[in-house]
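All remarks here apply to the structure that follows.
The values are calculated or read from the model by the stated rules, or taken from the named source; none is laboratory data. Just so you know, these numbers come straight off a predicted model, no measurement behind them. For neighbour counting, all protein chains shown are included, and Cβ atoms are generated from backbone atoms with ideal geometry for every residue, glycine included.
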Amino acid sequence: MLNLTAANVIKGVDGGYWLNTQRKKTDTVVKVPLLPHALALIEKYRTHPKASNERRVFPVISNQRMNGYLKEIADICGITKNLTFHLARHTFATTITLSNGVPIESVSSMLGHTSIRTTQIYAKVVEEKLSKDMFDLRNKMQII
């Protein structure tokens, strides 16, 4: 997020906006279609002075400061979980994508993993997702 520039926001094969970047850790190219909320945030900060001066998409602060702010927000909201920036990545992988039927191969690609095994660490299956999958399977079996 720190290094995102306007050049990283591209038109994708579907005509929508995508992030196109390269992971430092794995040196892999990552292309992620942007959801409407992400586009709204990009637009919100497009003219922010700190972002503009640094030619970045977002006005970025240090990870330590970000985690401190997240802790304050959690305290104010009565959240006992230790909120961190990395937790957001985990939540994206589990709650937002995998639990909503996005294939693990797609999630792995968006996270920049070079192996599905790495992504499987994130792949905790919630009971609602498991229930839906079995419901779909039951319906398919009735057709046969």
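Is region 105-113 home to any residue that is of a type outside the set (Asp, Glu), within 28 Å of SER62 (Cβ to Cβ), in contact with a Ser or Thr (Cβ under 6 Å, 6 or more places away or on another chain) and not in a helix (DSSP H, G or I)?
Yes, region 105-113 contains at least one residue that is of a type outside the set (Asp, Glu), within 28 Å of SER62 (Cβ to Cβ), in contact with a Ser or Thr (Cβ under 6 Å, 6 or more places away or on another chain) and not in a helix (DSSP H, G or I).
Regarding TYR69, is this residue in contact (Cβ under 8 Å) with a residue 24 or more places away in the chain and outside the structural domain of THR5 (by TED's automatic domain parsing)?
No: the conditions fail for TYR69.
Look through region 114-123, keep the residues that are in a helix (DSSP H, G or I) and not aliphatic (A, V, I, L, M), and return whichever of them is nearest to TRP18 (Cα to Cα).
Restricting to residues being in a helix (DSSP H, G or I) and not aliphatic (A, V, I, L, M), the top hit is THR119.
List the number of the failed condition for ILE143; all other conditions in (1) among the β-branched types (Val, Ile, Thr); (2) touching a residue at least 40 places away in the same chain (Cβ under 8 Å); (3) farther than 30 Å from LYS24 by Cα hold.
For ILE143, the failing item is (2).
Are there any pairs with C-beta distances below 6 angstrom linking a residue in region 91-103 that is not assigned by TED's automatic domain parsing to the domain that holds PRO33 and surrounded by 13 or more Cβ atoms within 10 Å (Cβ to Cβ) to a residue that is of a type in the set (A, V, I, L, M) and part of a loop (DSSP other than H, G, I, E, B), with the two at least 6 apart or on different chains, and if so which?
What qualifies is LEU98/ALA123; SER99/VAL126.
Please count how many residues of region 1-31 are modelled with pLDDT under 90, loosely packed, with under 14 Cβ neighbours inside 10 Å and not in a strand (DSSP E or B).
Matching residues across region 1-31 total 7.
For region 32-88, name all the residues that are among the small types (Gly, Ala, Ser), closer than 24 Å to SER108 by Cβ and either at pLDDT below 90 or not in a helix (DSSP H, G or I) (or both).
Once the filter is applied, which keeps residues that are among the small types (Gly, Ala, Ser), closer than 24 Å to SER108 by Cβ and either at pLDDT below 90 or not in a helix (DSSP H, G or I) (or both), region 32-88 yields only ALA88.
Return yes or no: is THR5 within 19 Å of GLY112 (Cα to Cα) and either touching a residue at least 40 places away in the same chain (Cβ under 8 Å) or acidic (Asp, Glu) (or both)?
Judged against the criteria, THR5 is a match.
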